[in-house]
1. Residues to consider are 200, 165, 183, 144; find the one that is touching a helix residue (DSSP H, G or I) at 6+ places or on another chain (Cβ under 9 Å) and closer than 21 Å to residue 230 by Cα.
2. Picking from 93, 117, 80, which residue would you name as being open to solvent by less than 40 Å² (accessible area, probe 1.4 Å), farther than 29 Å from residue 159 by Cβ, modelled with pLDDT of 95 or more and assigned to a helix (DSSP H, G or I)?
3. Filter segment 97-114 down to the residues that are under 34 Å from the mean Cα position of the chain (by Cα) and aliphatic (A, V, I, L, M) and list them by number.
4. Exactly one of these conditions fails for residue 152: (1) touching a His at 6+ places or on another chain (Cβ under 8 Å); (2) surrounded by 14 or more Cβ atoms within 10 Å (Cβ to Cβ); (3) in a helix (DSSP H, G or I). Give me its number.
5. Scan (1) out of contact with any Leu (no Cβ under 8 Å at 6 or more places or on another chain); (2) modelled with pLDDT of 95 or more for the single condition residue 337 breaks and write down its number.
6. For residues in segment 370-394 being of a type in the set (D, E, K, R) and either outside any loop (DSSP other than H, G, I, E, B) or within 21 Å of the chain's Cα centre (by Cα) (or both), which is surrounded by the most Cβ atoms within 10 Å (Cβ to Cβ)?
7. Collect the residues in segment 306-321 that are farther than 14 Å from residue 240 by Cα and open to solvent by less than 20 Å² (accessible area, probe 1.4 Å), keeping them in residue-number order.
8. Please work out which residue is least open to solvent (accessible area, probe 1.4 Å), limiting yourself to segment 395-409 and to residues that are outside any loop (DSSP other than H, G, I, E, B) and under 13 Å from residue 232 (Cα atoms).
Amino acid sequence: MKPSARIQATIDILERISANKRVPMDAMVGDYMRGRRYIGSKDRAAIVERCYHITRAHARLGWWLEQSHMPDTPRNRVLAYLALAESTNLKRAKDLFDGTQYAPEILDQAEETFITALEGKKLDDENMPEVTRVECPPEYETSLRGYFGNDFKTEMAAMLEPATLDLRVNSFTIDRDSVQKSLEKDGIETDLTPYSPWGLRARAKVFISKTKAFNKGWISIQDEGSQLIAHICDVKPGMQVLDYCAGAGGKTLALASAMNKKGRIVATDNDDKRLAKGKQRYKKSGLADIIEARPLTEEKNRKWLRRQKGTFDLTLVDVPCSGTGTWRRNPDMRWVNYGPDLAELTTIQAKILDKVAHTVKTGGKLVYATCSLLPEENEQQIEAFLERHPDFELLPLDEAKGLGTPYMRLTPHRHNTDGFFAAVMVRR
């Protein structure tokens, strides 16, 4: 593809995203690319990367458009990004927007004036409000400032960087060093993750689908922070485990591997399609024998759950949340809410905790987790639960491990992971 065709593809994708606020960005990009098999891998990578960079600069580009009195359209956002982030001058912009086949339409006079006015300027500007420079949605500013305090700017700036590519090794079948050597033979260099004992971090953006390690079921893509949620559960072989919000089974697999394929894990979820995807992964990893999937869309499984009083050594609830901790990899989620609002989410989270509390046996653990940075979904949620359930007490995490205490609190700035929260509680 010519550079101009890549830019038109970027505009096309952003227009689709702007027109449909119900579908997440990654799904929209995937749908666009699936219908255009003729686009080569390098062109795909360049187009997607530019789309994500532009989305990460949403507030700042909006500020520049407002200052310049330009309509806030995907085309104008692309123009502003090219000028501010890629130092594209008017001459080069005219070459790219030349109206030929597959290229963007020719610039009009207002657009030419806009590009000229932005020459020599940068995406960040000293006149921008701080909340704009760090891309913080106004509705979350008070909560995040309250939590981060003086580190607000630093913590939020770290969330503007692309996320790392982390892999979890299936330690039941192979050790981490052997997987690292196998990936190296396939041209992929990795480093050991600093906190997770199961993790490898790729040094560059790579495709792992054709590697021996992936096809053998030795590795799964999983952020180190997500791995650590499973790690602090501290499961042992032979345990009875309930993974209540299992989804596609990422943490279920991590738990089953840590249990050395001995014991029992029941994976439940309200989304039976995601749960079905998990079954395929369990089989590929060689861990399906101890995992029992129960979709909660079926009444018989809801009845089964009500009868599980004091059954499990561990119940894990990785609850639905705002996803504010995943903004590095899902930058569109800063500005578009694809599900319930915060008030609804906190109500759902509390109901889930109350619903599963009875499943934990005396001396067993209840682990609550989110990929959120907001105290309303995290510390405040746990404090309220403990008030309602005095038979549970908080088990503080070991401060020496560097994950936070009494709760696990991970952020991109402090740990180079997504933002995660977890609390471990014990039933007395």
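1. The match here is 200.
2. Numbers: 117 fails: open to solvent by less than 40 Å² (accessible area, probe 1.4 Å); 80 fails: farther than 29 Å from residue 159 by Cβ.
After applying the criteria, what remains is 93.
3. The answer is 103, and nothing else.
4. (1)
5. Of (1) out of contact with any Leu (no Cβ under 8 Å at 6 or more places or on another chain); (2) modelled with pLDDT of 95 or more, only one is false for residue 337: (2).
6. Among residues in segment 370-394 that are of a type in the set (D, E, K, R) and either outside any loop (DSSP other than H, G, I, E, B) or within 21 Å of the chain's Cα centre (by Cα) (or both), the one surrounded by the most Cβ atoms within 10 Å (Cβ to Cβ) is 377.
7. Of everything in segment 306-321, those that are farther than 14 Å from residue 240 by Cα and open to solvent by less than 20 Å² (accessible area, probe 1.4 Å) turn out to be 317, 319.
8. That would be 408.
The values are calculated or read from the model by the stated rules, or taken from the named source; none is laboratory data. Keep in mind that what you see is a predicted model, and the values were worked out from it rather than measured. Ideal geometry is used to build each Cβ from the backbone, glycine not excepted, and the neighbour counts take in all protein chains shown. Each accessible area value is taken on the protein alone, full model and side chains, heavy atoms only, with ligands, DNA and RNA left out. Shrake-Rupley method; radii C 1.70, N 1.55, O 1.52, S 1.80 Å.
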